[in-house]
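Novice: This is the structure I have questions about; it appears just below.
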Amino acid sequence: MMLIKKWKWAVSMAAGLALLAAAPYASSAGSAQEEATIRIYYGVQAGDTLYGIARKHYLNGDFTSLAKQNGLDPDEKLRVGAQLELNNPLVFDYYTVKNNDTLYGIASRYFSRANYISVLMQYNQLKSAQALKAGMALRIPLPAGEKRHLVQAGETLFSISTVYYKVSDYQNAIARANGMQVAASVIKVGQVLQIPNPFYRAEDASVGLSTSVAAAVLSVEIDLSEHKLDVKSGSKVLKSFSVASGKKGLTPTGTFEIAMKLENPWYSAKGIAGGAANNPLGSRWLGLSVPNTKGEKYGIHGTNAPESIGTNASAGCIRLLNEDVEWLYNLLPMGAKVVIHP
């Protein structure tokens, strides 16, 4: 157990969603620029929680990062009607398919040419279309990755958009995000589609998978009776570890997700600093989404008592050797599934 304390769309978006793309550190088109940030502004509704919003838009439960983005206390109750800023979400929105909808039509509504011209202006810090000048090196955001375009005499933002903007690209992006092999796949009335952020894909360098894909593919199964933890990719076991578990049935069983990740966690119950030799949590903490705990009470962590591995020794958490939990920590993304069997 652990004790740690304006790119606005022309279409009407669900939940009061407005989208913005910005390159805040760019001084002019063609200058040295940092990676642009894609932001959405989410209107809080009754019943919303930081965890739930992070789960929907980042496909994980990293509510602490979301709170930090917005200057909030992670334990603070959200105010209905407040606007949250979500930087580089993996999912913009969720759309429920209606009669006569097509993927092409849905893509056209979310990713219109007018919106694309707006994002070109935002990416390149152009205050107006007239600010475009021959010789500028424009950043061109695309679902397949960013390109550069050297502006020629006589070109306009509209003419440049005709070269790069294709609805079919966004149609394909929506299809891929929803597990469809081809954009022509049949969609059904009532089906809920993820509308992905086509300009930003977070990569997990340690495994070479996008965060959302890794969370879907990688999982953990823990057998308390055998004190064993299996790391799986799909149905294949990648690696197995011996673990310690809770005394007298204190470890919760069921299906959970990784809801928090911490390096060198503090052990607040006794005021022991992270990284200290006497810290019973060891070097890493992977908090589990056990209801009403926010990933702070039960988790997979290291240990300062390696002799306890293979026994029922903890107050409910799963212990691994520090080198083992560090390997696991580097592999598993937020949102990865963890199944604990009795």
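The values are calculated or read from the model by the stated rules, or taken from the named source; none is laboratory data. The structure displayed is predicted, hence computed values, not measured ones. Cβ coordinates were reconstructed from backbone atoms using ideal geometry, including for glycine residues, and neighbour counts include every protein chain displayed.
Novice: For the stretch 242-252, state whether one or more residues are modelled with pLDDT under 90, surrounded by 14 or more Cβ atoms within 10 Å (Cβ to Cβ) and not in a strand (DSSP E or B).
Specialist: no
Novice: How about the stretch 28-48: which of its residues are among the aromatic types (Phe, Trp, Tyr) and modelled with pLDDT under 90? If you could, list the steps in order and put the result at the bottom.
Specialist: Initial filter on the stretch 28-48 (among the aromatic types (Phe, Trp, Tyr)): 41-42.
Within the stretch 28-48, Tyr41 is the sole residue that qualifies.
Novice: Hey, can you tell me all the residues within the stretch 318-342 that are assigned to a strand (DSSP E or B) and within 24 Å of the chain's Cα centre (by Cα)?
Specialist: Within the stretch 318-342, Lys337, Val338, Val339, Ile340 meet the criteria.
Novice: Are any of the residues in the stretch 176-186 touching a strand residue (DSSP E or B) at 6+ places or on another chain (Cβ under 7 Å), at pLDDT below 90 and not hydrophobic (A, V, I, L, M, F, W, C)? Give the steps one after another, and end with the answer.
Specialist: Taking the stretch 176-186 and keeping what is touching a strand residue (DSSP E or B) at 6+ places or on another chain (Cβ under 7 Å), we get 177-178.
With at pLDDT below 90 added as a condition, the list becomes 177-178.
Within this subset, residues satisfying the condition of being not hydrophobic (A, V, I, L, M, F, W, C) are 178.
Checking the stretch 176-186: at least one residue is touching a strand residue (DSSP E or B) at 6+ places or on another chain (Cβ under 7 Å), at pLDDT below 90 and not hydrophobic (A, V, I, L, M, F, W, C).
Novice: Right, next: In a loop (DSSP other than H, G, I, E, B), more than 23 Å from the chain's Cα centre (by Cα), farther than 30 Å from Asn99 by Cβ and assigned by TED's automatic domain parsing to the domain that holds Lys98 - does that describe any residue in the stretch 175-186? Can you show your working first?
Specialist: Kept after step one, since they are in a loop (DSSP other than H, G, I, E, B), are these residues of the stretch 175-186: 178-186.
Within this subset, residues satisfying the condition of being more than 23 Å from the chain's Cα centre (by Cα) are 182-186.
Subsequent filtering for residues that are farther than 30 Å from Asn99 by Cβ retains none.
The answer is no, given that none of the residues of the stretch 175-186 is in a loop (DSSP other than H, G, I, E, B), more than 23 Å from the chain's Cα centre (by Cα), farther than 30 Å from Asn99 by Cβ and assigned by TED's automatic domain parsing to the domain that holds Lys98.
Novice: Within the stretch 140-161, is there a residue that is over 30 Å from Ala54 (Cβ atoms), in the same structural domain as Tyr42 (by TED's automatic domain parsing), surrounded by 12 or more Cβ atoms within 10 Å (Cβ to Cβ) and of a type in the set (Asp, Glu)?
Specialist: yes
Novice: Quick check: is even one residue across the stretch 123-138 modelled with pLDDT of 90 or more, surrounded by fewer than 14 Cβ atoms within 10 Å (Cβ to Cβ), more than 30 Å from Gly47 (Cβ to Cβ) and charged (D, E, K, R)?
Specialist: The answer is yes; a qualifying residue exists.
Novice: Looking for something touching a Cys at 6+ places or on another chain (Cβ under 9 Å), hydrophobic (A, V, I, L, M, F, W, C) and over 30 Å from Ala67 (Cβ atoms) - is there at least one such residue anywhere in the stretch 267-280?
Specialist: Kept after step one, since they are touching a Cys at 6+ places or on another chain (Cβ under 9 Å), are these residues of the stretch 267-280: none.
Checked the stretch 267-280: no residue is touching a Cys at 6+ places or on another chain (Cβ under 9 Å), hydrophobic (A, V, I, L, M, F, W, C) and over 30 Å from Ala67 (Cβ atoms).
Novice: Check the stretch 276-283 and report whether any residue there is assigned to a strand (DSSP E or B) and either within 25 Å of Asn60 (Cα to Cα) or in contact with a His (Cβ under 7 Å, 6 or more places away or on another chain) (or both). Walk me through it before giving the result.
Specialist: Step one: of the stretch 276-283, the residues assigned to a strand (DSSP E or B) are none.
No: the stretch 276-283 contains no residue that is assigned to a strand (DSSP E or B) and either within 25 Å of Asn60 (Cα to Cα) or in contact with a His (Cβ under 7 Å, 6 or more places away or on another chain) (or both).
Novice: Quick one: in the stretch 284-317, of everything that is within 25 Å of the chain's Cα centre (by Cα) and among the β-branched types (Val, Ile, Thr), which residue is surrounded by the fewest Cβ atoms within 10 Å (Cβ to Cβ)?
Specialist: Across the stretch 284-317, the extreme among qualifying residues is Thr293.
Novice: Now for a different question. Among the candidates Leu193, Leu281, which residue alone is touching a Pro at 6+ places or on another chain (Cβ under 8 Å), crowded, with 18+ Cβ neighbours inside 10 Å and modelled with pLDDT of 90 or more?
Specialist: Working: Leu193 fails: touching a Pro at 6+ places or on another chain (Cβ under 8 Å).
The conditions single out Leu281.
Novice: Tell me, which strands (runs of 3 or more DSSP E) wholly within the stretch 35-145 include 1 or more residues that are among the basic types (Lys, Arg)?
Specialist: Values: elements: 37-43, 83-87, 91-96, 137-140.
Qualifying strands (runs of 3 or more DSSP E): 37-43, 137-140.
Novice: Among the numbered conditions (1) surrounded by fewer than 19 Cβ atoms within 10 Å (Cβ to Cβ); (2) under 18 Å from Ser242 (Cα atoms), tell me where Leu320 comes up short.
Specialist: (1)
Novice: Something else about it: Only one of Arg113, Arg139, Arg109 is among the basic types (Lys, Arg) and over 22 Å from Val91 (Cα atoms). Can you tell me which? Lay out the reasoning, then the answer.
Specialist: Values: Arg113 fails: over 22 Å from Val91 (Cα atoms); Arg109 fails: over 22 Å from Val91 (Cα atoms).
After applying the criteria, what remains is Arg139.
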